[in-house]
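One structure, as C-alpha coordinates, below. Some questions next.
The values are calculated or read from the model by the stated rules, or taken from the named source; none is laboratory data. Quantities reported herein were computed from a predicted structural model and do not represent experimental measurements. With ideal geometry, Cβ positions are generated from the backbone for all residues, glycine too; neighbour counts draw on all protein chains shown. Please note that ligands, DNA and RNA were not included when accessible areas were found on the heavy atoms of the full protein model with its side chains. Shrake-Rupley method; radii C 1.70, N 1.55, O 1.52, S 1.80 Å.
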Amino acid sequence: MAATGAAGDPVRIGVLSVQGAFAEHVSLLRSLGADPIEVRLPQHLAGVRGLVLPGGESTAMRRLIARWELREPLLALLRSGIPVLGTCAGMILLAREIEGGDEPVLPLLDVTVRRNAFGRQLESFETDLAVPALGDAPVHAVFIRAPVIARTGPDVEILARLPDDRIVAVRQGPILATAFHPELAGEPRFHRILLALAAEIPPDAGSGPR
Amino acid sequence: MTETSTWATKTGLAQMLKGGVIMDVVNAAEARIAEDAGAVAVMALERVPSDIRAAGGVARMSDPILIEEILATVSIPVMAKARIGHFVEAQVLEALGVDYIDESEVLTPADEVNHIDKHAFKVPFVCGSRDLGEALRRINEGAAMMRTKGEAGTGNIVEAVRHIRSVNGGIRRLVAMREDELFVAAKELGAPYPLVKQIAAEGRLPVVNFVAGGIATPSDAALSMQLGADGVFVGSGIFKSEDPARMARAIVQATTHFRDAKIIAEVSKGLGAPMRGIALEAIPEAERLAVRGW
(Lines give C-alpha, C1' and ligand atoms only; values in the text may rest on other atoms or scores of the structure.)
Protein backbone atom coordinates (compact mmCIF):
# COMPACT_ATOMS: atom_id res chain seq x y z
CA MET A 1 0.00 0.00 0.00
CA ALA A 2 2.89 2.38 0.68
CA ALA A 3 3.39 4.79 -2.17
CA THR A 4 7.05 4.34 -2.94
CA GLY A 5 9.12 5.09 -5.98
CA ALA A 6 11.68 2.85 -7.65
CA ALA A 7 14.22 3.45 -4.88
CA GLY A 8 11.63 2.56 -2.21
CA ASP A 9 11.42 6.09 -0.83
CA PRO A 10 7.99 7.61 -0.09
CA VAL A 11 6.74 9.71 -2.97
CA ARG A 12 6.80 13.42 -2.23
CA ILE A 13 3.53 15.15 -3.13
CA GLY A 14 3.24 18.93 -2.97
CA VAL A 15 -0.10 20.13 -1.57
CA LEU A 16 -0.82 23.76 -2.42
CA SER A 17 -1.39 25.27 1.04
CA VAL A 18 -1.92 28.98 0.51
CA GLN A 19 -5.51 28.61 1.74
CA GLY A 20 -8.27 26.01 1.96
CA ALA A 21 -8.74 22.39 2.98
CA PHE A 22 -5.12 21.35 2.42
CA ALA A 23 -4.72 19.58 5.78
CA GLU A 24 -7.37 17.03 4.77
CA HIS A 25 -5.37 16.12 1.65
CA VAL A 26 -2.12 15.97 3.62
CA SER A 27 -3.56 13.50 6.11
CA LEU A 28 -5.19 11.37 3.41
CA LEU A 29 -1.91 11.24 1.44
CA ARG A 30 0.04 10.35 4.57
CA SER A 31 -2.39 7.51 5.32
CA LEU A 32 -1.62 6.17 1.82
CA GLY A 33 2.12 6.11 2.54
CA ALA A 34 3.10 9.23 0.59
CA ASP A 35 5.30 12.08 1.79
CA PRO A 36 3.09 15.17 1.48
CA ILE A 37 4.58 18.66 1.82
CA GLU A 38 2.68 21.93 2.24
CA VAL A 39 3.49 24.35 -0.58
CA ARG A 40 3.26 28.08 0.16
CA LEU A 41 6.39 29.32 -1.63
CA PRO A 42 8.26 28.16 -4.77
CA GLN A 43 11.11 26.60 -2.77
CA HIS A 44 8.64 24.15 -1.19
CA LEU A 45 8.31 22.45 -4.59
CA ALA A 46 11.79 20.91 -4.52
CA GLY A 47 11.68 17.15 -5.10
CA VAL A 48 7.93 17.07 -5.63
CA ARG A 49 6.70 14.24 -7.92
CA GLY A 50 3.00 14.99 -7.82
CA LEU A 51 0.70 17.87 -6.86
CA VAL A 52 -2.63 18.37 -5.14
CA LEU A 53 -4.60 21.59 -5.58
CA PRO A 54 -7.18 21.52 -2.76
CA GLY A 55 -10.58 23.06 -2.24
CA GLY A 56 -10.83 26.56 -0.87
CA GLU A 57 -11.81 29.92 -2.27
CA SER A 58 -10.37 30.12 -5.77
CA THR A 59 -10.37 33.93 -5.75
CA ALA A 60 -8.20 33.98 -2.61
CA MET A 61 -5.97 31.17 -3.87
CA ARG A 62 -5.32 32.85 -7.24
CA ARG A 63 -4.20 36.03 -5.50
CA LEU A 64 -1.83 34.19 -3.18
CA ILE A 65 -0.39 32.21 -6.11
CA ALA A 66 0.31 35.47 -7.95
CA ARG A 67 1.68 37.31 -4.91
CA TRP A 68 4.24 34.62 -4.06
CA GLU A 69 5.20 33.88 -7.67
CA LEU A 70 4.03 30.30 -7.54
CA ARG A 71 2.42 30.32 -10.96
CA GLU A 72 5.50 29.86 -13.15
CA PRO A 73 7.12 27.08 -11.09
CA LEU A 74 3.77 25.25 -10.80
CA LEU A 75 3.26 25.52 -14.55
CA ALA A 76 6.80 24.30 -15.24
CA LEU A 77 6.25 21.26 -13.04
CA LEU A 78 2.91 20.45 -14.64
CA ARG A 79 4.33 20.90 -18.15
CA SER A 80 7.10 18.45 -17.25
CA GLY A 81 4.33 15.87 -16.89
CA ILE A 82 4.06 15.35 -13.15
CA PRO A 83 0.57 14.25 -12.09
CA VAL A 84 -1.90 16.57 -10.35
CA LEU A 85 -5.24 16.21 -8.59
CA GLY A 86 -7.42 19.33 -8.36
CA THR A 87 -10.55 19.28 -6.20
CA CYS A 88 -13.26 21.98 -6.44
CA ALA A 89 -11.29 25.27 -6.34
CA GLY A 90 -8.27 23.24 -7.46
CA MET A 91 -10.20 22.19 -10.57
CA ILE A 92 -10.96 25.85 -11.30
CA LEU A 93 -7.24 26.66 -11.03
CA LEU A 94 -6.44 24.00 -13.66
CA ALA A 95 -9.14 24.96 -16.17
CA ARG A 96 -8.20 26.46 -19.52
CA GLU A 97 -11.32 28.61 -19.42
CA ILE A 98 -13.50 29.98 -16.62
CA GLU A 99 -17.00 31.18 -17.48
CA GLY A 100 -17.58 34.82 -16.68
CA GLY A 101 -14.16 35.90 -17.84
CA ASP A 102 -11.95 35.19 -14.83
CA GLU A 103 -8.33 34.88 -15.90
CA PRO A 104 -7.19 31.22 -16.02
CA VAL A 105 -4.42 30.35 -13.53
CA LEU A 106 -2.75 27.04 -14.56
CA PRO A 107 -4.62 26.44 -17.82
CA LEU A 108 -3.49 22.92 -18.68
CA LEU A 109 -6.81 21.10 -18.43
CA ASP A 110 -8.79 21.58 -21.64
CA VAL A 111 -12.17 22.32 -20.06
CA THR A 112 -14.43 25.26 -19.35
CA VAL A 113 -15.61 25.47 -15.73
CA ARG A 114 -18.60 27.28 -14.30
CA ARG A 115 -18.03 28.52 -10.74
CA ASN A 116 -20.76 28.14 -8.07
CA ALA A 117 -22.73 26.21 -10.68
CA PHE A 118 -25.36 24.95 -8.24
CA GLY A 119 -25.92 28.27 -6.48
CA ARG A 120 -25.11 29.33 -2.96
CA GLN A 121 -24.42 27.26 0.18
CA LEU A 122 -28.08 26.21 0.60
CA GLU A 123 -27.66 24.21 -2.63
CA SER A 124 -24.55 22.35 -1.41
CA PHE A 125 -25.22 18.61 -1.33
CA GLU A 126 -23.84 15.11 -0.99
CA THR A 127 -24.64 12.12 -3.15
CA ASP A 128 -23.35 8.74 -4.29
CA LEU A 129 -21.75 8.93 -7.68
CA ALA A 130 -20.84 6.20 -10.16
CA VAL A 131 -17.22 6.55 -11.29
CA PRO A 132 -16.62 3.49 -13.51
CA ALA A 133 -12.89 4.21 -13.82
CA LEU A 134 -12.54 3.65 -10.05
CA GLY A 135 -14.46 0.37 -9.95
CA ASP A 136 -17.98 -0.68 -9.00
CA ALA A 137 -18.24 0.92 -5.57
CA PRO A 138 -19.73 4.41 -5.90
CA VAL A 139 -17.90 7.51 -4.73
CA HIS A 140 -19.54 9.39 -1.88
CA ALA A 141 -19.25 12.92 -3.22
CA VAL A 142 -19.63 16.12 -1.18
CA PHE A 143 -20.32 19.20 -3.32
CA ILE A 144 -19.81 22.56 -1.61
CA ARG A 145 -20.68 25.68 -3.62
CA ALA A 146 -19.25 23.50 -6.33
CA PRO A 147 -18.26 24.22 -9.91
CA VAL A 148 -19.15 22.00 -12.89
CA ILE A 149 -17.45 21.38 -16.20
CA ALA A 150 -19.42 23.03 -18.98
CA ARG A 151 -17.17 21.97 -21.89
CA THR A 152 -14.49 19.33 -22.39
CA GLY A 153 -11.81 19.23 -25.06
CA PRO A 154 -11.13 16.15 -27.25
CA ASP A 155 -8.36 14.76 -25.00
CA VAL A 156 -10.42 14.93 -21.83
CA GLU A 157 -11.90 11.71 -20.44
CA ILE A 158 -15.13 12.15 -18.50
CA LEU A 159 -14.96 10.16 -15.25
CA ALA A 160 -18.28 11.08 -13.70
CA ARG A 161 -21.54 12.83 -14.39
CA LEU A 162 -24.49 13.72 -12.16
CA PRO A 163 -27.87 12.15 -13.01
CA ASP A 164 -28.69 15.36 -14.93
CA ASP A 165 -25.59 14.72 -17.10
CA ARG A 166 -23.48 17.56 -15.74
CA ILE A 167 -19.78 16.64 -15.74
CA VAL A 168 -18.13 16.59 -12.30
CA ALA A 169 -14.92 14.55 -12.68
CA VAL A 170 -12.43 14.36 -15.56
CA ARG A 171 -8.99 13.14 -16.49
CA GLN A 172 -6.58 14.39 -19.14
CA GLY A 173 -3.43 12.23 -19.00
CA PRO A 174 -1.76 12.96 -15.64
CA ILE A 175 -4.32 15.65 -14.73
CA LEU A 176 -7.26 14.59 -12.54
CA ALA A 177 -9.98 17.01 -11.48
CA THR A 178 -13.16 16.72 -9.43
CA ALA A 179 -15.89 19.26 -8.68
CA PHE A 180 -16.48 17.52 -5.33
CA HIS A 181 -14.31 16.71 -2.31
CA PRO A 182 -13.02 13.12 -2.05
CA GLU A 183 -10.84 14.31 0.86
CA LEU A 184 -13.90 15.18 2.97
CA ALA A 185 -15.44 11.73 2.56
CA GLY A 186 -12.26 9.69 3.14
CA GLU A 187 -12.39 8.54 -0.51
CA PRO A 188 -8.82 7.44 -1.37
CA ARG A 189 -9.12 6.20 -4.95
CA PHE A 190 -8.36 9.45 -6.78
CA HIS A 191 -5.30 9.97 -4.58
CA ARG A 192 -4.18 6.38 -5.27
CA ILE A 193 -4.18 7.07 -9.02
CA LEU A 194 -2.17 10.24 -8.38
CA LEU A 195 0.35 8.29 -6.29
CA ALA A 196 0.67 5.51 -8.86
CA LEU A 197 1.44 8.09 -11.56
CA ALA A 198 3.83 9.98 -9.26
CA ALA A 199 5.75 6.79 -8.43
CA GLU A 200 6.71 6.56 -12.12
CA ILE A 201 8.26 10.05 -12.10
CA PRO A 202 12.02 9.84 -11.43
CA PRO A 203 12.80 11.50 -8.07
CA ASP A 204 15.00 14.17 -9.66
CA ALA A 205 12.74 14.94 -12.60
CA GLY A 206 10.64 17.36 -10.61
CA SER A 207 11.97 20.85 -10.74
CA GLY A 208 12.89 22.76 -7.65
CA PRO A 209 12.90 26.52 -7.67
CA ARG A 210 14.16 28.02 -10.90
CA MET B 1 -29.99 9.77 -2.75
CA THR B 2 -28.99 13.37 -2.93
CA GLU B 3 -29.21 15.40 0.25
CA THR B 4 -28.71 19.12 0.78
CA SER B 5 -27.83 20.94 4.02
CA THR B 6 -26.19 17.95 5.68
CA TRP B 7 -23.69 18.14 8.52
CA ALA B 8 -20.94 17.41 5.94
CA THR B 9 -21.95 20.30 3.68
CA LYS B 10 -22.36 22.67 6.64
CA THR B 11 -19.01 21.88 8.28
CA GLY B 12 -17.41 21.38 4.86
CA LEU B 13 -17.87 24.99 3.78
CA ALA B 14 -16.06 26.12 6.95
CA GLN B 15 -13.24 23.67 6.10
CA MET B 16 -12.86 25.39 2.71
CA LEU B 17 -12.39 28.73 4.49
CA LYS B 18 -9.44 27.50 6.56
CA GLY B 19 -6.20 29.41 6.39
CA GLY B 20 -8.20 32.41 5.26
CA VAL B 21 -9.51 35.76 6.42
CA ILE B 22 -13.21 36.64 6.79
CA MET B 23 -13.73 40.39 6.71
CA ASP B 24 -16.51 42.61 8.09
CA VAL B 25 -17.94 44.88 5.38
CA VAL B 26 -20.75 47.45 5.57
CA ASN B 27 -21.44 48.01 1.86
CA ALA B 28 -20.84 46.57 -1.60
CA ALA B 29 -17.76 48.73 -2.21
CA GLU B 30 -16.05 47.38 0.90
CA ALA B 31 -17.08 43.85 -0.06
CA ARG B 32 -15.30 44.26 -3.38
CA ILE B 33 -12.16 45.59 -1.67
CA ALA B 34 -12.22 42.58 0.65
CA GLU B 35 -12.63 40.08 -2.19
CA ASP B 36 -9.86 41.78 -4.21
CA ALA B 37 -7.55 41.58 -1.21
CA GLY B 38 -8.06 37.81 -0.98
CA ALA B 39 -10.75 37.47 1.71
CA VAL B 40 -12.31 33.98 1.75
CA ALA B 41 -15.70 35.35 2.84
CA VAL B 42 -17.28 38.59 3.98
CA MET B 43 -19.50 39.34 6.97
CA ALA B 44 -22.23 41.74 5.85
CA LEU B 45 -23.32 44.16 8.55
CA GLU B 46 -24.57 47.74 8.90
CA ARG B 47 -21.88 48.91 11.28
CA VAL B 48 -18.56 47.39 12.25
CA PRO B 49 -18.31 46.49 15.95
CA SER B 50 -16.34 49.60 16.93
CA ASP B 51 -19.17 51.76 15.57
CA ILE B 52 -21.80 49.57 17.25
CA ARG B 53 -19.92 50.09 20.47
CA ALA B 54 -19.75 53.85 19.91
CA ALA B 55 -23.41 54.17 18.94
CA GLY B 56 -24.83 52.22 21.88
CA GLY B 57 -28.52 51.30 21.85
CA VAL B 58 -29.86 48.01 20.49
CA ALA B 59 -27.85 46.44 17.65
CA ARG B 60 -29.93 44.24 15.31
CA MET B 61 -29.72 42.23 12.09
CA SER B 62 -28.76 44.36 9.06
CA ASP B 63 -31.21 45.73 6.48
CA PRO B 64 -31.95 42.97 3.93
CA ILE B 65 -31.25 45.43 1.09
CA LEU B 66 -27.67 45.79 2.26
CA ILE B 67 -27.22 42.03 2.48
CA GLU B 68 -28.72 41.53 -0.98
CA GLU B 69 -26.39 44.14 -2.48
CA ILE B 70 -23.38 42.41 -1.01
CA LEU B 71 -24.65 38.96 -2.12
CA ALA B 72 -24.93 40.35 -5.65
CA THR B 73 -21.47 41.93 -5.61
CA VAL B 74 -19.04 39.19 -4.63
CA SER B 75 -18.57 35.54 -5.61
CA ILE B 76 -17.09 34.51 -2.24
CA PRO B 77 -19.39 33.32 0.58
CA VAL B 78 -21.41 35.97 2.43
CA MET B 79 -22.14 35.68 6.14
CA ALA B 80 -24.52 37.82 8.19
CA LYS B 81 -25.24 38.25 11.89
CA ALA B 82 -28.37 37.43 13.85
CA ARG B 83 -28.91 38.30 17.51
CA ILE B 84 -28.33 35.52 20.05
CA GLY B 85 -31.59 33.59 20.37
CA HIS B 86 -33.36 35.57 17.62
CA PHE B 87 -34.43 32.69 15.43
CA VAL B 88 -36.66 34.87 13.27
CA GLU B 89 -33.74 37.08 12.25
CA ALA B 90 -32.03 33.80 11.36
CA GLN B 91 -35.06 32.69 9.32
CA VAL B 92 -34.93 36.00 7.44
CA LEU B 93 -31.21 35.63 6.71
CA GLU B 94 -31.78 32.07 5.49
CA ALA B 95 -34.56 33.32 3.23
CA LEU B 96 -32.17 35.92 1.80
CA GLY B 97 -29.81 33.08 0.85
CA VAL B 98 -26.75 33.98 2.94
CA ASP B 99 -24.08 31.27 3.07
CA TYR B 100 -23.51 31.32 6.85
CA ILE B 101 -25.21 32.94 9.85
CA ASP B 102 -23.20 34.28 12.79
CA GLU B 103 -25.27 34.08 15.98
CA SER B 104 -23.36 36.97 17.41
CA GLU B 105 -22.76 38.61 20.75
CA VAL B 106 -21.80 41.77 18.85
CA LEU B 107 -25.53 42.35 18.39
CA THR B 108 -27.78 42.83 21.42
CA PRO B 109 -28.99 39.40 22.64
CA ALA B 110 -32.70 38.72 22.04
CA ASP B 111 -32.95 35.84 24.51
CA GLU B 112 -31.02 35.65 27.76
CA VAL B 113 -31.71 31.93 28.27
CA ASN B 114 -31.74 30.14 24.92
CA HIS B 115 -29.55 30.24 21.88
CA ILE B 116 -31.02 29.44 18.46
CA ASP B 117 -31.76 25.76 17.71
CA LYS B 118 -29.38 25.65 14.77
CA HIS B 119 -30.26 22.08 13.79
CA ALA B 120 -33.64 23.44 12.67
CA PHE B 121 -32.02 25.44 9.84
CA LYS B 122 -30.72 24.53 6.41
CA VAL B 123 -28.15 27.33 6.48
CA PRO B 124 -25.06 26.67 8.63
CA PHE B 125 -24.18 28.74 11.72
CA VAL B 126 -20.98 30.02 13.28
CA CYS B 127 -21.02 30.88 17.01
CA GLY B 128 -18.56 32.42 19.45
CA SER B 129 -17.09 30.83 22.55
CA ARG B 130 -14.71 31.78 25.34
CA ASP B 131 -13.89 28.27 26.46
CA LEU B 132 -14.33 24.61 25.56
CA GLY B 133 -17.60 24.11 27.45
CA GLU B 134 -19.24 27.01 25.65
CA ALA B 135 -17.94 25.76 22.29
CA LEU B 136 -19.39 22.29 22.93
CA ARG B 137 -22.76 23.70 23.99
CA ARG B 138 -22.97 25.64 20.71
CA ILE B 139 -21.89 22.61 18.65
CA ASN B 140 -24.52 20.55 20.43
CA GLU B 141 -27.11 23.14 19.34
CA GLY B 142 -25.94 22.70 15.75
CA ALA B 143 -23.15 25.24 15.19
CA ALA B 144 -21.08 23.99 12.23
CA MET B 145 -18.21 26.42 12.80
CA MET B 146 -16.83 28.12 15.92
CA ARG B 147 -14.88 31.29 16.59
CA THR B 148 -13.53 32.98 19.68
CA LYS B 149 -15.51 35.90 21.05
CA GLY B 150 -12.56 38.21 21.49
CA GLU B 151 -13.74 41.65 22.50
CA ALA B 152 -15.09 42.92 19.22
CA GLY B 153 -14.48 46.49 18.11
CA THR B 154 -11.52 47.13 20.41
CA GLY B 155 -8.55 46.37 18.16
CA ASN B 156 -7.25 44.56 21.24
CA ILE B 157 -6.30 40.91 20.77
CA VAL B 158 -6.01 40.07 24.47
CA GLU B 159 -9.44 38.50 24.93
CA ALA B 160 -9.21 36.45 21.72
CA VAL B 161 -5.87 35.07 22.89
CA ARG B 162 -7.43 34.14 26.21
CA HIS B 163 -10.28 32.34 24.41
CA ILE B 164 -8.25 30.34 21.88
CA ARG B 165 -5.81 29.27 24.61
CA SER B 166 -8.73 28.31 26.81
CA VAL B 167 -10.47 26.22 24.13
CA ASN B 168 -7.29 24.46 22.97
CA GLY B 169 -6.00 24.00 26.53
CA GLY B 170 -9.34 22.45 27.43
CA ILE B 171 -8.98 19.99 24.56
CA ARG B 172 -5.46 19.04 25.64
CA ARG B 173 -6.70 18.39 29.18
CA LEU B 174 -9.46 16.09 27.91
CA VAL B 175 -6.98 14.16 25.75
CA ALA B 176 -4.78 13.57 28.83
CA MET B 177 -7.65 12.21 30.97
CA ARG B 178 -8.51 8.62 31.78
CA GLU B 179 -11.81 7.55 30.26
CA ASP B 180 -13.48 7.26 33.66
CA GLU B 181 -12.66 10.92 34.34
CA LEU B 182 -14.57 12.20 31.31
CA PHE B 183 -17.98 11.97 33.01
CA VAL B 184 -17.08 14.55 35.61
CA ALA B 185 -15.23 16.59 33.00
CA ALA B 186 -18.46 16.78 30.99
CA LYS B 187 -20.34 17.91 34.09
CA GLU B 188 -17.76 20.57 34.88
CA LEU B 189 -17.64 21.81 31.29
CA GLY B 190 -21.43 21.91 31.17
CA ALA B 191 -21.15 20.00 27.90
CA PRO B 192 -22.76 16.81 26.57
CA TYR B 193 -20.80 13.66 27.46
CA PRO B 194 -20.79 12.15 23.93
CA LEU B 195 -19.10 15.28 22.54
CA VAL B 196 -16.61 15.34 25.41
CA LYS B 197 -15.74 11.70 24.74
CA GLN B 198 -15.36 12.38 21.02
CA ILE B 199 -13.00 15.30 21.63
CA ALA B 200 -10.90 13.30 24.10
CA ALA B 201 -10.50 10.62 21.41
CA GLU B 202 -9.85 12.91 18.43
CA GLY B 203 -7.92 15.72 20.09
CA ARG B 204 -9.74 18.46 18.22
CA LEU B 205 -13.13 20.10 17.85
CA PRO B 206 -15.43 18.40 15.33
CA VAL B 207 -15.75 21.77 13.55
CA VAL B 208 -13.39 24.48 12.37
CA ASN B 209 -12.45 27.14 14.96
CA PHE B 210 -11.43 30.67 13.88
CA VAL B 211 -10.13 33.54 15.99
CA ALA B 212 -12.33 36.63 16.08
CA GLY B 213 -12.33 39.82 18.09
CA GLY B 214 -9.61 42.43 18.24
CA ILE B 215 -7.38 41.47 15.30
CA ALA B 216 -5.86 44.72 13.98
CA THR B 217 -2.48 43.83 12.42
CA PRO B 218 -0.83 41.07 10.35
CA SER B 219 1.02 39.95 13.48
CA ASP B 220 -2.28 39.60 15.36
CA ALA B 221 -3.54 37.28 12.61
CA ALA B 222 -0.35 35.21 12.63
CA LEU B 223 -0.40 35.01 16.44
CA SER B 224 -3.93 33.61 16.23
CA MET B 225 -2.84 31.02 13.68
CA GLN B 226 0.22 29.97 15.67
CA LEU B 227 -2.03 29.50 18.71
CA GLY B 228 -3.99 26.96 16.68
CA ALA B 229 -6.75 28.93 14.96
CA ASP B 230 -7.97 27.53 11.63
CA GLY B 231 -8.38 31.06 10.23
CA VAL B 232 -9.34 34.59 11.32
CA PHE B 233 -12.23 37.03 11.30
CA VAL B 234 -11.27 40.69 11.08
CA GLY B 235 -13.97 43.19 11.95
CA SER B 236 -13.15 46.82 12.57
CA GLY B 237 -9.41 46.15 12.06
CA ILE B 238 -9.50 46.58 8.30
CA PHE B 239 -11.93 49.33 7.43
CA LYS B 240 -11.03 51.40 10.52
CA SER B 241 -7.35 51.41 9.53
CA GLU B 242 -5.68 54.16 7.53
CA ASP B 243 -5.35 52.16 4.27
CA PRO B 244 -7.97 49.37 4.32
CA ALA B 245 -7.05 47.67 1.01
CA ARG B 246 -3.41 47.47 2.00
CA MET B 247 -4.16 46.29 5.55
CA ALA B 248 -6.55 43.68 4.16
CA ARG B 249 -3.91 42.29 1.77
CA ALA B 250 -1.27 42.27 4.49
CA ILE B 251 -3.49 40.36 6.93
CA VAL B 252 -4.31 37.80 4.21
CA GLN B 253 -0.59 37.26 3.48
CA ALA B 254 0.28 36.95 7.18
CA THR B 255 -2.49 34.39 7.69
CA THR B 256 -1.12 32.17 4.91
CA HIS B 257 2.52 32.57 5.98
CA PHE B 258 1.80 32.63 9.72
CA ARG B 259 5.00 30.81 10.68
CA ASP B 260 7.28 32.87 8.42
CA ALA B 261 8.39 35.92 10.42
CA LYS B 262 10.35 37.36 7.49
CA ILE B 263 7.22 37.49 5.35
CA ILE B 264 5.16 38.90 8.23
CA ALA B 265 7.82 41.61 8.65
CA GLU B 266 7.75 42.34 4.92
CA VAL B 267 3.97 42.70 4.69
CA SER B 268 3.82 44.77 7.88
CA LYS B 269 5.99 47.58 6.46
CA GLY B 270 4.41 50.98 5.95
CA LEU B 271 0.81 49.94 6.51
CA GLY B 272 -0.15 53.26 8.07
CA ALA B 273 -2.02 53.45 11.32
CA PRO B 274 -4.04 50.42 12.40
CA MET B 275 -7.36 51.13 14.09
CA ARG B 276 -6.81 53.08 17.28
CA GLY B 277 -8.00 50.45 19.73
CA ILE B 278 -9.23 50.41 23.31
CA ALA B 279 -7.58 48.89 26.37
CA LEU B 280 -9.80 46.26 27.92
CA GLU B 281 -9.69 47.92 31.35
CA ALA B 282 -11.19 51.04 29.78
CA ILE B 283 -14.42 49.16 29.00
CA PRO B 284 -16.86 48.88 31.89
CA GLU B 285 -17.91 45.30 32.60
CA ALA B 286 -21.50 46.07 31.53
CA GLU B 287 -20.35 47.19 28.07
CA ARG B 288 -18.25 44.11 27.28
CA LEU B 289 -19.57 42.01 24.43
CA ALA B 290 -17.70 38.77 25.01
CA VAL B 291 -19.65 38.02 28.18
CA ARG B 292 -22.93 37.89 26.24
CA GLY B 293 -24.05 34.29 25.71
CA TRP B 294 -23.31 31.40 27.99
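Expressed as a whole number of Å, what is the distance separating the alpha-carbon centroids of segment A:65-92 and segment B:191-269?
Between the Cα centre of segment B:191-269 and that of segment A:65-92, the gap is 26 Å.
Tell me which GluC sites (Glu not before Pro) from segment B:94-153 have a DSSP coil assignment and no more than 10 other beta carbons within 10 Å of their own.
Details: sites: B:94, B:103, B:105, B:112, B:134, B:141, B:151; in loops: B:105, B:112, B:141, B:151.
Answer in residue order: B:112.
Take each of the peptides A:11-24, B:161-174, average the number of other beta-carbon atoms within 10 Å over its residues, and list them starting from the highest. Can you show the working numbers first?
Details: A:11-24: 26.1, B:161-174: 19.0.
Per-residue Cβ counts within 10 Å, averaged per peptide and sorted highest first, yield A:11-24, B:161-174.
Show me, for segment A:48-58, the HN-Hα J-couplings you get by feeding each phi into the Karplus relation (A = 6.51, B = -1.76, C = 1.60, θ = phi - 60°), rounded to Hz, glycine and proline as x.
Karplus values, whole Hz, x for Gly and Pro: 6, 10, x, 10, 10, 10, x, x, x, 9, 5.
If the limit is 19 Å between Cα atoms, which of B:10/B:118; B:18/B:262; B:18/B:240; B:10/B:81 go over it? Could the numbers behind the result be given before it?
Values: B:10/B:118 11 Å; B:18/B:262 22 Å; B:18/B:240 24 Å; B:10/B:81 17 Å.
Checking Cα-Cα distances, B:18/B:262; B:18/B:240 exceed 19 Å.
Please calculate how many Å² of accessible area segment A:12-199 carries per residue, with a 1.4 Å probe and no DNA, RNA or ligand atoms counted. Intermediate results must be reported in sequence, preceding the final value.
Details: 6100 Å² over 188 residues.
For segment A:12-199, the solvent-accessible area averages 32 Å² per residue.
For the interface of A with B, what's the total buried accessible surface in square angstrom, probe 1.4 angstrom, rounded to the nearest hundred?
Values: alone 9160 and 12790 Å², together 18950 Å².
Answer for the A-B pair: about 3000 Å² buried.
Go through segment A:113-126 residue by residue and turn each phi into a ³J(HN,Hα) via Karplus (6.51, -1.76, 1.60, θ = phi - 60°); whole Hz please, and just put x for glycine and proline.
Result, rounded to whole Hz: 10, 10, 6, 6, 5, 9, x, 8, 4, 4, 8, 5, 7, 10.
Collect residues whose amide H, placed 1.01 Å from N in the peptide plane, falls under 5 Å from the amide H of residue A:96; neighbours closer than 5 in sequence don't count.
The answer is A:109, A:111.
Oh, and also: Taking segment B:222-294, which GluC sites (Glu not before Pro) meet the DSSP loop condition and have no more than 14 other C-beta atoms within 10 Å? Don't skip to the end; give the middle numbers.
Working: sites: B:242, B:266, B:281, B:285, B:287; in loops: B:242.
Qualifying residues, ordered by number: B:242.
Report, in deg cm²/dmol and to the nearest 500, the calculated mean residue ellipticity at 222 nm for chain A, where each DSSP H run with n ≥ 4 adds -39500 (n - 2.57) and the sum is divided by the residue count. Can you show the working numbers first?
Numbers: 5 runs with 46 residues, N = 210.
Rounded to the nearest 500, it is -6000 deg cm²/dmol.
Need one number: the % of Cα-Cα pairs in the protein assembly as shown sitting beyond the 41 Å mark. List each step's numbers first, then the result.
Details: 22204 of 126756 pairs.
Cα-Cα pairs in the protein assembly as shown separated by more than 41 Å: 18 percent.
What ranking of B:11, B:2 comes out by heavy-atom accessible area, probe 1.4 Å, highest first? Intermediate results must be reported in sequence, preceding the final value.
Details: B:11 15, B:2 85 Å².
So, going from the largest accessible area down, we get B:2, B:11.
Further, regarding this structure: Would you mind telling me which residue in A:197, A:134, A:74 has the biggest mean-square fluctuation in a Gaussian network model of chain A, where springs connect alpha carbons within a distance under 10 angstrom?
Answer for the Gaussian network model of chain A: A:134.
Within 15 Å, Cβ to Cβ, of residue A:20, how many net charges do the neighbouring residues add up to if Lys/Arg are +1 and Asp/Glu are -1? Walk me through the numbers on the way to the answer.
Values: positive: A:40, A:62, A:63, A:115, A:145, B:18; negative: A:24, A:38, A:57, A:183, B:230.
Here the count lands on +1.
By accessible area of protein heavy atoms, probe 1.4 Å, what ranking do B:7, B:294, A:68 get, highest first? Write down the numbers at each step before the final one.
Values: B:7 110, B:294 80, A:68 35 Å².
Highest to lowest solvent-accessible surface, that is B:7, B:294, A:68.
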